[in-house]
1. The conditions are (1) over 26 Å from residue A:182 (Cα atoms); (2) in contact (Cβ under 8 Å) with a residue 60 or more places away in the chain; (3) outside any loop (DSSP other than H, G, I, E, B), and residue A:30 fails exactly one of them. Which is it?
2. Would you check which residues across segment A:27-45 are closer than 27 Å to residue A:265 by Cα and among the aliphatic types (A, V, I, L, M) and list them?
3. If residue B:318 satisfies every condition in (1) assigned to a helix (DSSP H, G or I); (2) crowded, with 24+ Cβ neighbours inside 10 Å; (3) more than 12 Å from every other protein chain (Cβ to nearest Cβ) but one, which is the exception?
4. For segment B:168-194, which positions are aromatic (Phe, Trp, Tyr) and more than 14 Å from chain A (Cβ to nearest Cβ)?
5. Which count do you get for residues in segment B:120-130 that are surrounded by fewer than 21 Cβ atoms within 10 Å (Cβ to Cβ) and either without any contact (Cβ under 8 Å) to a residue 24 or more places away in the chain or out of contact with any Pro (no Cβ under 7 Å at 6 or more places or on another chain) (or both)?
6. Among the residues of segment A:177-200, how many are touching a Leu at 6+ places or on another chain (Cβ under 7 Å) and more than 18 Å from residue A:117 (Cα to Cα)?
7. Provide a single number: the residues in segment B:170-211 that are under 17 Å from residue B:153 (Cβ atoms) and touching a residue at least 60 places away in the same chain (Cβ under 8 Å).
8. Just to be sure I understand, how many residues within segment B:324-349 are surrounded by fewer than 18 Cβ atoms within 10 Å (Cβ to Cβ) and part of a loop (DSSP other than H, G, I, E, B)?
There are 2 protein chains.
Amino acid sequence: MKKLKNDLFIRACKRKKTDRTPIWMMRQAGRYLPEYRAVRAKADFITMCKTPELAAEVTIQPVDILDVDAAIIFSDILVVPMAMGMDLEMKESVGPVFHKPIRNEADASSLKSIDPFKDLKYVLDAVTLTKKNLDNRVPLIGFSGSPWTLLAYMVEGKGSKNFSEVKKLIYSQPGIAHKLLEKISEVIAEYLSAKIECGCDAIQIFDTWGGILPQKDFYEFSLNYVEKIISSIKRKQEPVIFFAKGVNYKPKKLAKCGADVIGFDWTADLSQLRNEIGNKTALQGNLDPNVLYSSHEIIARRAKAVLKSFGKGNGHIFNLGHGILPDVPPENAKFLVDYVKKESIKYHG
Amino acid sequence: MKKLKNDLFIRACKRKKTDRTPIWMMRQAGRYLPEYRAVRAKADFITMCKTPELAAEVTIQPVDILDVDAAIIFSDILVVPMAMGMDLEMKESVGPVFHKPIRNEADASSLKSIDPFKDLKYVLDAVTLTKKNLDNRVPLIGFSGSPWTLLAYMVEGKGSKNFSEVKKLIYSQPGIAHKLLEKISEVIAEYLSAKIECGCDAIQIFDTWGGILPQKDFYEFSLNYVEKIISSIKRKQEPVIFFAKGVNYKPKKLAKCGADVIGFDWTADLSQLRNEIGNKTALQGNLDPNVLYSSHEIIARRAKAVLKSFGKGNGHIFNLGHGILPDVPPENAKFLVDYVKKESIKYHG
């Protein structure tokens, strides 16, 4: 069925031999591309998510334009709380807003379980269409937010500086928090299984807000549920990537979560992480997205430093340490992709 | 001259024997106190900084109200760029704004060196007055932002999500960045020496934005200059605390910066840090400030966990992992102080 023309990314996830390091970029289907902005001019963000043709189109753009080694389905982590019954608005220059955030047990019990094939059909249709249009040129990654990261948004209702509301919940009413996380985890596991069933070749779980927690709370309220999800996703050989922004401590513990790949942000030292994790998982990362504002010379120097930091051998997927920024010149992103493809040959074979 | 009635904080900074753990809180002279808000109602923030009587009054409030073991002079890290010639506005609900941020070599050379006794006389007068009014009940901490953190504000001009401007500077024009950091470091060293001369019993350097840098850049653009400052501050026995928010990696390297105490945010594991740092420095921290929204029972449980994490012995200064939040109930802060004073006896002697 799935015969990928370029399977470097999948092979690297499995720490198999490749002749160079694969590269893709988080949020690569995004506003920095004029081709994306042209689509976005015709439809708002949520409409793009809900329209398979548009989602498929922007998903494939970075493959066509930048020649990255993987596509990631265009969508948003907040489609899950939407499907569970929450009302989301994407406010211009504010970001996502839930007008009725979860603040108590009653709010929590109003959330419904979902059938992804019904409640998130539009994402699955986008996956199916993208797979068809991609024609197996590169693998397609499906994704979800982690339960903790979704809970943070659902409880805060919007972006937050101190995350006081969700922390009040876990510190003062851990029982309710765990019930919610359990429910969200079940939804995510079904959702990701459905994505794989519809053709996704790999899965990434984004724990954008894992790094705001004390370590013990990260294990209890985030990693714990990520482990459960990973162990219950129905998959064959499809690799799972876990990326917890700001969590660079105790990498051995992270590496035991069941993911094939652990992603790290730009504050991590890949060399140290690789030493500690050994060959338990592959590593993904970790160029500071801000480097893409620099000259080609500096992009090359800093990309080289990332390659060197991981060192020789297999099991590295080159990526940014976080999403590509919306006003980065596309030619710089293209330069990075070309550079990594060429330069990384030295670290293989 | 300086005979402190309560010298627990100073002794703990030096890892000397104490019969309990001292406690103070970052931003303890702040908006959560009704007594602070009463002063603030009469004067804007910058006027408070510039009026020694007001600064001294709010500095002493938490000593009177909460009975903390140290006072920290009420001021702002941005008085330094102001003294160097930058025009600062404190915008309600936006935060500090520099209307003419540093963006090029010409901007950079417009910054002047300072004589703290002239250009920051109002801070030093506040220190002198506070020392007099405090009557040596507890030590008085003086502080500064780190050169990197000040540079970040000076270049961004305001709070930032991605810090793209200051990163563009260090990635693309490291020469200009280093010249600026050198200049700022000299100013800070003189400023902190003057604070000690005027009676400060200890110094804290805040590197609020150290954690946004890749590790190598943190050493090159931040820690490097902190080391220089610490080695050139004119001091006798006055301890120096270095707090770099979000920097919990390579603690041994941090501990070599010359500071007597390293402060950590709530994502750090004090037990692990103490193991790695050994008795090179004391440790300060690290309760999540959000815990203060919880019930007394939960505050006690979480404070106990911090004490337990450091473990038995000397060299721990209890603090929050970041500034106290503006809407925390003061009685919760008071409860924390009382609890730590009592509970920590078990970890001493």
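1. With respect to (1) over 26 Å from residue A:182 (Cα atoms); (2) in contact (Cβ under 8 Å) with a residue 60 or more places away in the chain; (3) outside any loop (DSSP other than H, G, I, E, B), residue A:30 is out only on (3).
2. The answer is A:29, A:33.
3. (1)
4. Looking only at segment B:168-194, we keep the residues that are aromatic (Phe, Trp, Tyr), and these are B:171, B:191.
Selection gives B:191 alone.
5. Summing the residues that are surrounded by fewer than 21 Cβ atoms within 10 Å (Cβ to Cβ) and either without any contact (Cβ under 8 Å) to a residue 24 or more places away in the chain or out of contact with any Pro (no Cβ under 7 Å at 6 or more places or on another chain) (or both) in segment B:120-130 gives 2.
6. Result for segment A:177-200: 3.
7. Kept after step one, since they are under 17 Å from residue B:153 (Cβ atoms), are these residues of segment B:170-211: B:170, B:176-177, B:180-181, B:183-185, B:187-188, B:191, B:205-211.
From what is left, the residues that are touching a residue at least 60 places away in the same chain (Cβ under 8 Å) are B:176, B:180, B:183-184, B:187-188, B:191, B:205-210.
Here the count works out to 13.
8. Here the count works out to 5.
Every number here is computed from the coordinates shown, using simple stated rules; none is lab data. Note that the structure is predicted; figures quoted are calculated from it, not measured. Positions of Cβ are backbone-derived with ideal geometry, glycine not excepted, and every protein chain shown enters the neighbour counts.
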